[in-house]
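Q: Provided herewith is a single structure, encoded as structure tokens, for subsequent inquiry.
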Amino acid sequence: MEFKEIVAPSIRELFVQQMTGMILSGQLRPGDRLPTERELADGMKISKSAVHDGIRELHRLGFLDVVSRRGVTVADYAQTGTLDTLLAIMHYHGGQLDAKTCRSILQVRYYLEGPAFEALAECRTEEDLAKLEELYRQAEEASREGVYPFADAMFRYHRTVAFLSGNSITPLILNAFAPVSREFWRAYIEAFGIPSCLERLRGFTGCIRSGEGRRASGLLLEGLREFERRTERTGFIRVN
């Protein structure tokens, strides 16, 4: 049996955790001005360097605006945040996504992947179809290994559809969301079951083969909407 090393968080990490919690709980609101670094350090009984480094990290995460000579204010992270902001929010909620955030992610997935299915169905080649068949075969094998390997296979199938569609940016966006996407597919598989997910993959390939791009896009939307309904009933999906 192997025991993992226990590592205590640093003072800077604890500062970031506390400030993130105050922002996400609404104690600190967008536009609120923070005290100076010295005032924060004195009030929290920590070093000024820990506060300085923590503020830089919170700025990187999209939670704070830092403007020279104007001080530090709480950012409107919903508008200015990045993928790192989303991951920080998930971490704050204990690895869960609330229904509203989940719904937003599902909408983004459809906006990105729906056109990719339609474009690939229109420009498909035999080589493209052979690639999708191979990815389906890999998904079948992965499904026998467990949910996580199967989730990886699902992610690869959808990313490949985007790549084969000819759009060079969509795969990069999907890769940027890879940690979230893989956990999404895990939750999706647990919601619908492996046989249903394999059937849907087979349906996508069949639609692309027959040039029915809108039907493939509709199949995607149908699955995403049903998943959204299920997450709304539970309120959260777990993503860790």
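Q: Please tell me if LEU224 is open to solvent by less than 40 Å² (accessible area, probe 1.4 Å) and modelled with pLDDT of 95 or more. It would help to see each step written out before you state the result.
A: On the way: open to solvent by less than 40 Å² (accessible area, probe 1.4 Å): yes; modelled with pLDDT of 95 or more: no.
Judged against the criteria, LEU224 is not a match.
Q: Still on this structure, I have one more. Within segment 27-71, restricting attention to residues that are among the β-branched types (Val, Ile, Thr) and either surrounded by fewer than 14 Cβ atoms within 10 Å (Cβ to Cβ) or under 28 Å from the mean Cα position of the chain (by Cα) (or both), which residue is modelled with the lowest pLDDT? Please lay out each step first, then the result.
A: Within segment 27-71, the first condition is being among the β-branched types (Val, Ile, Thr), and the residues that meet it are 36, 46, 51, 55, 66-67.
So of that shortlist, the ones also either surrounded by fewer than 14 Cβ atoms within 10 Å (Cβ to Cβ) or under 28 Å from the mean Cα position of the chain (by Cα) (or both) come out as 36, 55, 66-67.
On the way: THR36: 93, ILE55: 95, VAL66: 91, VAL67: 85.
For segment 27-71, the residue satisfying everything is VAL67.
Q: Follow-up. Is it true that some residue in segment 191-214 is closer than 16 Å to LEU112 by Cα, open to solvent by 40 Å² or more (accessible area, probe 1.4 Å) and part of a helix (DSSP H, G or I)?
A: Residues of segment 191-214 closer than 16 Å to LEU112 by Cα: 204, 213-214.
Next cut, open to solvent by 40 Å² or more (accessible area, probe 1.4 Å) only: 214.
Then drop every residue that is not part of a helix (DSSP H, G or I), which leaves 214.
Yes - at least one qualifying residue is present in segment 191-214.
The values are calculated or read from the model by the stated rules, or taken from the named source; none is laboratory data. Source: prediction; values computed, not measured. Please note: Cβ atoms are built from the backbone with ideal geometry, for glycine as well, and neighbour counts cover all protein chains shown. Side chains are part of the model used for accessible areas, which takes the heavy atoms of the whole protein and leaves out ligands, DNA and RNA. Shrake-Rupley method; radii C 1.70, N 1.55, O 1.52, S 1.80 Å.
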